[in-house]
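Visitor: My structure is below; once you've seen it, I'll send some questions.
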Amino acid sequence: MGPIAAHFLRCRERDEERERWIRRELRQMVEDRLDEWGRQLAAAFRIHTEVRADKSPPVDAYNRSVARRLER
């Protein structure tokens, strides 16, 4: 029974490690997407602020926002 039980436990540990790895990868993917979403939301807010403050057309405000992001 010893070798069979040891094999079963090794298989179970390997499966649990695989599940932990998948969860870590999914968590990282979600965090990356939320980070990207936050950057896009901030860019949209900057464009909106420029349109309201400068009374400039949205296309010009968008172009300035893209140019600033490319400078960074």
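The values are calculated or read from the model by the stated rules, or taken from the named source; none is laboratory data. Note that this is a predicted model, so its numbers are computed, not measured. Reconstructed Cβ throughout: ideal geometry from the backbone, glycine too, with neighbour counts over all protein chains shown.
Visitor: With respect to Leu70, determine if the residue is aliphatic (A, V, I, L, M), modelled with pLDDT of 85 or more and in a helix (DSSP H, G or I).
Guide: no
Visitor: Still on this structure: Among the listed residues Val30, Val51, Val59, which satisfies the condition of being in a helix (DSSP H, G or I), surrounded by 11 or more Cβ atoms within 10 Å (Cβ to Cβ) and on the phi < 0 side of the Ramachandran plot?
Guide: After ruling out the rest, the residue left standing is Val51.
Visitor: Being in a helix (DSSP H, G or I), at pLDDT below 90 and within 30 Å of Arg69 (Cβ to Cβ) narrows it down to one residue among Phe45, Phe8; which is it?
Guide: Every option except Phe45 fails the conditions.
Visitor: Turning to a different aspect of this structure: Pairs, please: C-beta under 9 Å, at least 6 apart or cross-chain, first residue of a type in the set (A, V, I, L, M, F, W, C) and in segment 55-72, second surrounded by fewer than 13 Cβ atoms within 10 Å (Cβ to Cβ) and at pLDDT below 80?
Guide: Note: pairs meeting the criteria are Ala61/Asp54.
Visitor: Kindly list, by first and then second residue, each pair from a residue in segment 23-47 that is without any contact (Cβ under 8 Å) to a residue 60 or more places away in the chain to a residue that is polar (S, T, N, Q), limited to pairs with Cβ atoms under 9 Å and residues at least 6 apart or on different chains.
Guide: Listed pairs, sorted by first residue: Ala43/Ser65; Ala44/Ser65; Arg46/Ser65; Ile47/Ser65.
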